1. Helix 20-41 against the longest principal axis of the chain: what's the angle in degrees, Cα atoms only, rounded to the nearest 10?
2. Two decimals, Cα atoms only, Kirkwood Rh: what is Rg/Rh over the stretch 20-72?
3. Report the label-to-label distance for residue 124 and residue 105 in nanometres (one decimal), using points 7 Å from each Cα along the Cα→Cβ vector.
4. Starting from the Cα of residue 57, move 7 Å in the Cα-to-Cβ direction to define the label point; list residues of the stretch 117-135 whose amide nitrogen is under 18 Å from there.
5. Compute the distance in nm between two label points, each set 7 Å from the Cα along the Cα-to-Cβ direction, one at residue 135 and one at residue 69.
6. Can you compute log10 of I(q)/I(0) for the stretch 2-135 with the Debye formula, treating each Cα as one identical point scatterer, at q = 0.18 Å⁻¹?
7. Only Cα pairs under 8 Å and at least 6 apart count here; give the relative contact order of the stretch 2-135 as a rounded whole percent.
8. Per the helix-only calculation at 222 nm, which mean residue ellipticity applies to the chain, given -39500 (n - 2.57) for every DSSP H run of n ≥ 4 and division by its residues, nearest 500 deg cm²/dmol?
């Protein structure tokens, strides 16, 4: 795992990179844009899942050292807030209690494999980077 992590970090952006707020904004906008595009055509699914996975990997690739925790934590939160915002505006369901729960569960179930895969990768990278930096 350490060799593959070193390979990713060696290809990462040279220089300063994104700070924690930059990683959060990058991931939130990427997830929101793809969710809006997919929600207007059909329901949330494949492309939003790919956007979640790319946001995990993009945060690891573009972030400064020390941003791995925000990279691992933010995409599920960004998905929740973008889903709630889309339901209240584009989705047209509003905040009716019976529809909010169903819509959240259907959205989460559609992207759950992507979210779990990305989270496993991001948390593994976070703990590997913690171990690497604590040894130095």
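No value in this document is a laboratory result; all are computed from the given coordinates. All of these numbers come straight from a predicted model, not from anything done at the bench. Please note: Cβ atoms are built from the backbone with ideal geometry, for glycine as well, and neighbour counts cover all protein chains shown.
1. Tilt relative to the chain: about 30 degrees.
2. 1.04
3. 3.1
4. So the set is 117-126.
5. 2.2
6. Debye intensities relative to I(0), on a log10 scale: -0.92.
7. 32
8. The helix-only estimate for the chain comes to -28000 deg cm²/dmol at 222 nm.
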